[in-house]
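Asks: Below is a structure I'd like to ask you about.
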Protein chains: 2
Amino acid sequence: MAQKPSIPKGTRDFNPIEVAKRNYIFDTIKAQFQHFGFQPIETPSFENSETLMGKYGDEGDRLIFKILNSGDFLRDFNENLIKSIQTALVNLRKSIDEVDNDEFDFDGFRSNFLKEFPIALRSITNIKFDERLINLNTLSEDIVFRIYNIVLKSNVLREKLYYDENLKFPELTNIIFADFYFQLGNKYVGNYITEKALRYDLTVPFARYVVQHQNEIDFPFKRYQMQPVWRADRPQKGRFREFYQCDADVVGSQSLWQEVEFVQLYDAVFSALKLEGVTIKINNRKILSGIAEVIGAQDKLIDFTVALDKLDKIGEEKVKEEMLSKGISKEGIEKLQPLFELQGDFSEQIEALKAILSVSEEGKKGIEELEFINTAISELKLQTANLQLDVTLARGLNYYTGAIFEVSAPEGVKMGSIGGGGRYDDLTGIFGLKDVSGVGISFGLDRIYLVLEELNLFPETISESIKVLCINFGEAEALTCLKAIKALRAHGINAELYPDAAKMKKQMNYANKRAVPYVVLVGESEMSSNTFTLKNMTNGEQQQLSLEDLITTLQ
Amino acid sequence: MAQKPSIPKGTRDFNPIEVAKRNYIFDTIKAQFQHFGFQPIETPSFENSETLMGKYGDEGDRLIFKILNSGDFLRDFNENLIKSIQTALVNLRKSIDEVDNDEFDFDGFRSNFLKEFPIALRSITNIKFDERLINLNTLSEDIVFRIYNIVLKSNVLREKLYYDENLKFPELTNIIFADFYFQLGNKYVGNYITEKALRYDLTVPFARYVVQHQNEIDFPFKRYQMQPVWRADRPQKGRFREFYQCDADVVGSQSLWQEVEFVQLYDAVFSALKLEGVTIKINNRKILSGIAEVIGAQDKLIDFTVALDKLDKIGEEKVKEEMLSKGISKEGIEKLQPLFELQGDFSEQIEALKAILSVSEEGKKGIEELEFINTAISELKLQTANLQLDVTLARGLNYYTGAIFEVSAPEGVKMGSIGGGGRYDDLTGIFGLKDVSGVGISFGLDRIYLVLEELNLFPETISESIKVLCINFGEAEALTCLKAIKALRAHGINAELYPDAAKMKKQMNYANKRAVPYVVLVGESEMSSNTFTLKNMTNGEQQQLSLEDLITTLQ
């Protein structure tokens, strides 16, 4: 291979320091997940296509990476298709023979064909039409339509059909085959050649897991999951085709204590990461529905929230203009005035919302939920984060039914949200298990990484791979070193021997490049005195130590 | 969705206990990797197809999972193919017009076509033939051959070609298209619709990584990598389509101390896992080559080692028969007699080998290497593993050039190898970086898991997700509990609140099912006395404690 190897766009190699930093974040999140009683599960990287397709909207379907079936999928498909077309032509010939005149009864042929063809297809042994993937009725309809259009409308070929005794029709078969392939094949081939797809998020596989294993699970089930997901999105700065998601969810509990716990969990994780001053924004779908109800825009909930969401960016007047242009009445918008003037702390904002929402039962329920959470958090206190009500927060409105969360980085750091979540009343309904409420949050690993990097919050020792390198002066010295190294490792100290008795300068260079804090030198004098010379690479100081003291010093 | 959801065959869901057990193994291996100075890297789950294809033999290529290109790949391909066939037919028609007689000069047409067609293809804007994936010369050769066979040999169509002024040739195009698709299309379509593939092992991506990042790496580079790989193998007991590999390798050092380190690393990992008494089998490719040389079977090295490898299973006589049948001479086989009678410890076997290999330079080199390793290990001593010479060991003979390792479970446990590795002198040559020696080992996670399970070696506390569950008696009590829980978590104790004020029995049931060792009860009396009742779920004992004592007791 002449050209320099590369990796697919949108993917990344991680070098040792990057892995160490990423693992620091993972491990910190994981420790808090466990303190909060969440349990880990893992699901396969690829799921059956039917599990994923149709769960993320058309755009999502398009972004799912499909895996090619193994084996000679395309030849199998082609052979089966040719065989089925030949069967169709034999049937056609029989029909023509039966009517025995020029007025060919296409409708009769068609209805007979549609009845018989799927049966014929299924009866062909070694045929591989998988009916979970291919709708044989639609396929039959398409083929008979092709036969009509191509064969019966073509004079030359029609004659051929009448007079060719051989019934193999190689050219006819080919023409229909080609036409089929070109005009219709995509949808069948697409289904036929792939039946597995890479995980697109962790939520749908989790819902599938819960339904599939419902009899083994003790509800409420608190699970966390940290695994990569894949999206065929156009790669750009900060957007990758492979990235990790870190999710914690509870299913099977409608208790609002879960929301309280998730606010505390966010606080615990970001405090443990020393990322102080993050803002946990909270809203409630019921508040948004209530406001829409009050202003007579129940049917325009999405338009309304999309406009409201822009308040920070475009200001009050523009938001009102947008609402007006979406058909929300002037009177309705006037009722929103207190919303634009919301200020003060959580409780004060709640009071203002109460005034607006006094006539909406759903709105009042939303307020009640927010108050419960706020009161509990005020009592429990957060370590370093702030809880903030944000009525403009509308992420995930398509599926969230209660609380909506979003976390933003500390003031001064330009970064989108570094976490988010909410409650969805019917998580597992898509897989047939009704009325299981779920609530969960996720952490945006890549963005948290960038924030920690920007604020210089990664621990300094994170780039340290080994604590000590033993310089190699020859075979006997190396063996002495390896004995000491064995003892050091048994005490949890990361240590290694330079593998060759190379020049001192080269070995010291290597130690410097790897940022090793200490080197050990063992020459003849150390061997005879049973000692080790320890050199501190930061200040250059040297000490001559017994093995015991060496261990103590490095521990 | 009516049917119960499932996952693709050969893949697995892991429940919390399985994840905990797997992580116990991962974490133990990882800790030792780090003590030995190995640094982690991670590579993308999918690589460019060209990085992986052709690296694992034909069988391997077949087992690589390919990822479908996103977008409407098949329609693009079909449109481009039709367009190229039409171009070819226009060219053909021009050639026929030029010669202006019935004696069509096919050879002239062909050579002109092969010259012009690729240029024509490249000049079609919006065409998508990717020359990294499709060899246009071969494609052109195939198409011109099809034109000759189908068009020029078919009278009807030939006439059509001569007399149809329109030059669109829809039927001709279709026929060639269909034929192409059916007979040749697979190889082009297969290349066209996929250009990414899931990682098949960690070694090839590592070699790719080293070459791609060679300027950022300080050699010798000691890396470890623990990531899933995917193989489209027929699933069976213990063989999965998605599984983890755990590899440690050094590149850029020919020092035999690396081999010594790897023997120690195996010993350290299995000792840390409390899996005592594993056997680390070692051999050397040079020994096998030397023996083959001595018996005059250099050209039959594979046949020879395949037969020798069966010694344990089929016995001496059958091995000799097999060698004879593969064309190894009777005299040669007689020279092997000392090999069949090898016994004693490492050093005694080495002495016997020396006698056999005295005339082979390569064999003597192999002995020297083995002796170096054995001497060092005898000095350094292993904690719980045994190092054993096994001249029948021939795994990875296609790529290993020096040491060969294999680890087998302690006696009495029926399990294939639980680890293996070796030295390969030219790891990165496939990507153009010559003469970089590598040596590495890997751990078989799934088998180690089964062995630990069979010998009951997983720590007992591994299934404990939380240490304490607080029973929920109502809002005020719950809030009091959450305050205590917050303090417990800050001391590293995993704790949670039952989310609803459900019946006591239901809550205790949940605690039992989750195997929680302690529950905390806070009712009115506890609230007024500022205490917590701690119940030990194993023996039923109860204590009334202050928060401080609660923390101390649970820590």
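Asks: Quick check on the protein assembly as shown: take the gyration tensor over C-alpha atoms, sort the square-rooted eigenvalues as a ≥ b ≥ c, and tell me if it's rounded (a/c under 1.5), prolate or oblate.
Replies: oblate
Asks: Going through the cross-link list A:30/A:354; A:483/B:30; B:281/B:365; A:535/B:281, which pairs have a Cα-Cα distance over 29 Å in this structure? Provide the component values of the computation, followed by the final result.
Replies: Values: A:30/A:354 38 Å; A:483/B:30 21 Å; B:281/B:365 19 Å; A:535/B:281 38 Å.
Distance filter (> 29 Å) returns A:30/A:354; A:535/B:281.
Asks: Compute the separation of the alpha-carbon centres of region A:366-413 and region A:477-528 and state it in Å as a whole number.
Replies: Using only Cα atoms to place each centre, the spacing works out to 53 Å.
Asks: Tell me, what is the 1.4 Å probe accessible area of residue A:461, in Å² to the nearest 10?
Replies: 100
Asks: Report residue A:326's accessible area, 1.4 Å probe, all protein chains in place, as a number in Å² to the nearest 10.
Replies: Surface open to solvent at residue A:326 totals about 90 Å².
Asks: Can you give the accessible area of residue A:537 in Å² (nearest 10), computed on protein heavy atoms with a 1.4 Å probe?
Replies: Answer for residue A:537: close to 40 Å² accessible.
Asks: Averaging sequence separations of C-alpha pairs under 8 Å and six or more residues apart, then dividing by the length of region B:333-403, give the relative contact order as a whole percent.
Replies: It rounds to 28 percent for region B:333-403.
Asks: So, one more: When only the heavy atoms of the protein chains count and the probe is 1.4 Å, how do B:500, A:267 rank by accessible area, highest first?
Replies: These residues rank, largest area first, as B:500, A:267.
Asks: Additional query: When the accessible area of chain A is computed with all protein chains present and a 1.4 Å probe, what percentage of it is carbon and sulfur?
Replies: Numbers: 11090 of 24130 Å².
Ligands and nucleic acids excluded, carbon and sulfur reach 46 percent.
Asks: Calculate, for chain B, the solvent-accessible area per residue in square angstrom, rolling a 1.4 angstrom probe over the heavy atoms of the protein chains.
Replies: Values: 24070 Å² over 555 residues.
Result: 43 Å² of accessible area for each residue.
Asks: For A:35, B:491, give me the order by solvent-accessible area with a 1.4 Å probe, most accessible first, ignoring ligands, DNA and RNA. Display every interim value, and only then the final one.
Replies: Working: A:35 30, B:491 90 Å².
Greatest to least solvent exposure: B:491, A:35.
Asks: Just tell me which aspartates and glutamates come within less than 15 Å, Cα to Cα, of residue A:364; anything on the same chain fewer than 8 places away is out.
Replies: A:293, A:351
Asks: Probe radius 1.4 Å, ligands and nucleic acids left out: can you give me the accessible area buried at the A-B interface, summed over both chains, in Å² to the nearest hundred?
Replies: 10200
Asks: Between region B:327-343 and region B:225-282, what's the alpha-carbon centroid distance in Å?
Replies: First find each Cα centre; the distance between them is then 33 Å.
Asks: Sequence neighbours fewer than 8 away in the same chain don't count; with that in mind, list the lysines whose C-alpha is under 17 Å from residue B:434.
Replies: Reachable lysines: A:4, B:55.
Asks: Is chain B rounded, prolate or oblate when judged by the Cα gyration tensor, a ≥ b ≥ c being the square roots of its eigenvalues, rounded requiring a/c under 1.5 and prolate requiring a/b larger than b/c?
Replies: Taking the square roots of the gyration eigenvalues as a ≥ b ≥ c, chain B is oblate.
Asks: Among A:372, A:33, B:339, which residue has its Cα furthest toward the positive end of the charge dipole of the protein assembly as shown, with +1 on Lys/Arg Cβ and -1 on Asp/Glu Cβ?
Replies: A:372
Asks: Rounded to whole Å, give me the distance from the Cα center of region A:7-75 to that of region B:13-47.
Replies: Region A:7-75 and region B:13-47 have Cα centres separated by 16 Å.
Asks: Rounded to the nearest 5, what % of the DSSP beta bridges within chain A are antiparallel ones?
Replies: Antiparallel: roughly 80 percent of the beta bridges in chain A.
Asks: Does region A:195-275 classify as rounded, prolate or oblate by the C-alpha gyration tensor (a ≥ b ≥ c root eigenvalues; a/c under 1.5 gives rounded; else a/b over b/c gives prolate, otherwise oblate)?
Replies: oblate
Asks: Further question: How much mean residue ellipticity at 222 nm does chain A get from its helices, if each DSSP H run of length 4 or more adds -39500 (n - 2.57) and you divide by all residues, to the nearest 500 deg cm²/dmol?
Replies: After summing the helix terms and dividing by the residues of chain A, the value is -14500 deg cm²/dmol.
Asks: Sorted by accessible area (1.4 Å probe), largest first, how do A:257, A:230 line up?
Replies: A:257, A:230
Asks: Still on this model: In straight Cα distance, which aspartates and glutamates are under 14 Å from residue B:513, not counting same-chain residues fewer than 8 positions off?
Replies: In chain and number order, the partners are A:216, A:218, B:464.
The values are calculated or read from the model by the stated rules, or taken from the named source; none is laboratory data. Keep in mind it's a predicted model, so treat the numbers as computed, not measured. Cβ coordinates were reconstructed from backbone atoms using ideal geometry, including for glycine residues, and neighbour counts include every protein chain displayed. For accessibility, only protein heavy atoms count, side chains too; no ligands or nucleic acids. Shrake-Rupley method; radii C 1.70, N 1.55, O 1.52, S 1.80 Å.
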